[in-house]
Amino acid sequence: MMELDQSGSVLREYGSEQSLLSRPDGSSTFVQGDTSILAGVYGPAEVKVSKEIYDRATVEVLIQPKMGLPSVRERAREQCVRETCEAALLLTLHPRSSLTVILQVVHDDGSLLSCCLNAACMALMDAGLPMNHLFCGVTCAISKEGQITTDPTARQEKESRALLTFALDSVERNVLMSSTTGSFSVHELQQCIAVSQKASEQIFQFYRDSVKRRYSKIQ
Amino acid sequence: MRDTPLSNCDRLFLLKAIEEKKRLDGRQTYDYRNIKITFGTDYGCCIVELGKTRVLCQVSCELVPPKDSRPTEGIMFFNLELSPMASPAFEPNRQSELLVLLNRQLERCLRNSKCIDTESLCVVSGEKVWQIRVDIHVLNHDGNLMDAASIAAISALSHFRRPDVAIQGRDVTVGSYLLVDPCEREERVKDGLLVIAMNKHQEICSIQSSGGIMLLKDQVLRCSKIASIKVSEITELINKALENDKKIRKEGGKFGFAESMPKERITTLKRDKAPVEMTDVKETANDIVNRTETTTEVASVPSPVLVATGTAQVGEGIVNSWGLDEDEEDEPLTEDRKTDEVMIISDSEEEEVVILNEEAHFTTLLLRMRVYPDARRLTGTSSAFPTVERARP
């Protein structure tokens with residue numbers, strides 16, 4: 001059986017800023033260590049007729065890489081984020097409209113997908129869109145020795161045997177989305193989910209604190 | 001999403017204000033908005049904020065074979081992108097008129113003016129040269145994208161590898177009244193635009209007038225004078241930002257975007273590195289696995305039963321419900337005989353009740369197939385559907 005290393009399970013220092021862009025309806029930047037994502041949300045807004053859905057809003061997620069044009073990797077990540085957003089948002093409240101989430105990669109130093117998810121959630125909160133629950137992303141890396149590291153850096157990701165990213169909801173701590181690469185056992189998968197659930201509590205507390213801070217001046 | 005048009009009242013109000021030498025944000029006509037340059041942890045990466053306009057720039061390089069016509073010159077590549085984040089009117093991956101205009105102007109200003117010595121990018125003549133790629137993403141559009149983009153490009157290029165870069169700045173004007181650094185709304189009421197690119201030695205690198213306005217000689221001269229002042233101010237700012245970044249890097253201090261996040265705002269929050277508690281993780285994981293394992297053991301997967309050649313059955317009801325008769329399974333069935341016996345009494349496409357007429361008794365067969373004779377004809381052989389053959393001589 002693999003051993004869990006206590007030193008590997010840390011979340012890097014993280015921070016966020018909301019409403020930093022003037023044009024989008026909601027915007028945020030989320031920083032995890034050196035990884036940084038800028039998110040902007042437009043919506044509910046007019047939708048193209050071809051993309052219109054008669055009973056709910058159309059969610060679009062765009063991930064813009066820092067260098068070059070978006071490729072298949074970005075498309076895959078977009079899909080992960082979109083499906084998570086669709087699960088969290090109350091889309092039926094805005095039929096025949098569009099919600100667009102644009103994520104700009106500012107710096108990639110590992111755990112990019114989880115940072116994307118967190119930035120998207122903060123931006124959706126800033127836009128004031130009604131949601132079932134909040135969500136957050138946690139990335140776990142399993143090293144060759146079987147150690148589980150949360151929120152890995154790019155270097156740790158490269159050295160790892162498997163990489164698992166989960167999106168968790170804030171109410172039941174259920175898994176909304178999972179994206180994995182590499183090989184791992186069932187035990188390791190369950191451990192990673194358990195670790196992610198623990199880590200998610202801190203992120204949700206962070207969401208709570210940031211909202212509290214933001215509305216502290218409103219009596 | 002289409003852009004919301006500017007209403008006539010807004011337009012008139014803006015024009016009236018400009019006439020009275022007043023601007024929406026309280027600036028004077030020749031004032032620039034605040035410029036903030038932030039460098040990232042990577043070399044050649046910066047974010048430039050010009051008021052609310054925000055631009056991200058990243059410089060990268062690659063070794064490539066040079067162009068045949070210029071074997072000793074490196075390649076400069078500019079890619080300005082209007083991200084849909086900047087404005088709802090910007091669509092992803094679409095070459096809009098504005099995008100082409102901005103890209104072309106940036107190229108003219110930075111490549112064609114030879115502000116970067118492309119010959120110094122040559123590694124082996126005719127074989128390998130550096131290709132410098134400048135990616136500029138517009139993150140928020142609040143007017144004067146050209147200035148923000150060029151400041152970002154120059155800052156990032158100087159930050160990148162410090163090749164031979166001469167610093168340039170620019171200046172933008174509006175209509176019959178002259179305005180410097182217009183914001184987005186002011187840009188909408190403009191009659192025309194005059195863009196002047198100047199290097200730090202106050203030499204003009206390019207002038208572009210667009211929008212079809214007629215400019216008098218002294219207007220152009222006055223603009224270039226304003227530009228020269230602004231350029232020296234911006235150049236100084238860029239140099240200061242670069243020096244600052246260099247100093248912090250040398251001292252081993254913290255740098256990058258995370259550090260430049262304003263801490264005093266109520267919209268920002270930062271958390272320090274925090275450990276994740278993992279004490280009972282192993283137990284929970286084992287618990288879940290054990291619980292699931294017991295259930296999988298109960299449900300054993302049955303091995304498939306071969307009823308006849310070409311068939312297999314898995315699951316409950318090992319006895320064939322289709323009424324297979326072992327004796328007759330190999331007996332070939334002719335087409336005409338079958339049509340005699342089979343009588344289709346339902347045209348339902350989902351399920352069909354087929355009654356096979358026999359000597360003494362009727363057997364009802366439920367077939368999950370569209371039309372039985374057709375299916376048979378398609379497969380051609382009788383052994384493909386041995387279970388429905390029940391003919392007795």
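If r is the Cβ-Cβ distance from A:TYR54 to A:TYR215 and R0 is 45 Å, what FRET efficiency results, to the nearest 0.05?
0.80
What shape does chain A have by the C-alpha gyration tensor, where a ≥ b ≥ c are the square roots of the eigenvalues, rounded means a/c under 1.5, and otherwise prolate means a/b greater than b/c and oblate the rest?
Prolate is the answer for chain A, as a/c is 1.5 or above and a/b outweighs b/c.
What is the order of B:GLU20, B:GLU49, B:GLU203, A:GLU86, fewest Cβ neighbours within 10 Å to most?
Least crowded to most crowded, the residues run B:GLU20, B:GLU203, A:GLU86, B:GLU49.
Mind putting a number on the dipole of the stretch A:69-151 about its Cα centre? Charges go on the C-beta only, +1 for Lys and Arg and -1 for Asp and Glu, and I need it in Debye to the nearest 20.
That gives the stretch A:69-151 a dipole magnitude of about 260 debye.
For B:LYS128, go through the lysines and keep the ones whose alpha-carbon is under 19 Å away, minus same-chain ones fewer than eight residues off.
B:LYS67
Reachable lysines from B:LYS217, Cα under 29 Å, same-chain residues fewer than 8 places away excluded?
The qualifying lysines are B:LYS16, B:LYS21, B:LYS22, B:LYS114, B:LYS190, B:LYS200, B:LYS225, B:LYS230.
Using only the alpha-carbon atoms, how far is helix A:112-127 inclined from the longest principal axis of chain A? Give it as 0 to 90 degrees, nearest 10.
30 degrees
Return the average number of partner chain Cβ atoms within 10 angstrom of each residue Cβ along peptide B:208-220.
That average works out to 0.
Would you mind getting me the FRET efficiency between B:SER120 and B:ASN93? Use the beta-carbon distance for r and R0 = 41 Å, nearest 0.05.
It comes out at approximately 0.75.
Let me check I've understood the local charge: for A:ARG12, count other residues with C-beta under 15 angstrom from its C-beta, Lys and Arg +1, Asp and Glu -1. What total comes out?
Details: positive: A:ARG155, B:LYS254, B:LYS270, B:ARG271, B:LYS273; negative: A:GLU13, A:ASP34, A:ASP108, A:ASP109, A:ASP151, A:GLU157, B:GLU259, B:ASP272.
Every neighbour counted, the sum reads -3.
So what's the net charge close to B:GLU91: Lys and Arg +1, Asp and Glu -1, counting the other residues with Cβ under 14 Å from its Cβ?
With Lys, Arg at +1 and Asp, Glu at -1, the net is -1.
Suppose we take every Cα in the stretch A:113-219 and form the convex hull; what volume per residue is that in Å³?
On the way: hull volume 10.9 nm³, N = 107.
So the per-residue Cα hull volume is 102 Å³.
I need the calculated FRET efficiency for the pair B:TYR177 and B:LYS217, taking r as the beta carbon distance and R₀ as 25 Å, to the nearest 0.05.
0.90
Among B:9-16, A:27-34, A:165-172, what's the highest-first ranking by average C-beta atoms within 10 angstrom per residue?
So the order, starting with the most tightly packed, is A:27-34, A:165-172, B:9-16.
Considering every residue in B:80-87, what mean count of other chain Cβ atoms within 10 Å of its Cβ is obtained?
5
Using Cα pairs under 8 angstrom and six or more residues apart, how large is the relative contact order of chain A, in percent?
Once divided by the residue count of chain A, the mean separation gives 21 percent.
Pairs of alpha-carbon atoms within less than 8 angstrom and 6+ residues apart define the contacts here; what relative contact order does the stretch A:97-219 have, in percent?
21 percent
Readers should treat all values here as calculations from the given coordinates under stated rules, not as data from a laboratory. Given the structure is predicted, the values throughout are model-derived calculations rather than measurements. For neighbour counting, all protein chains shown are included, and Cβ atoms are generated from backbone atoms with ideal geometry for every residue, glycine included.
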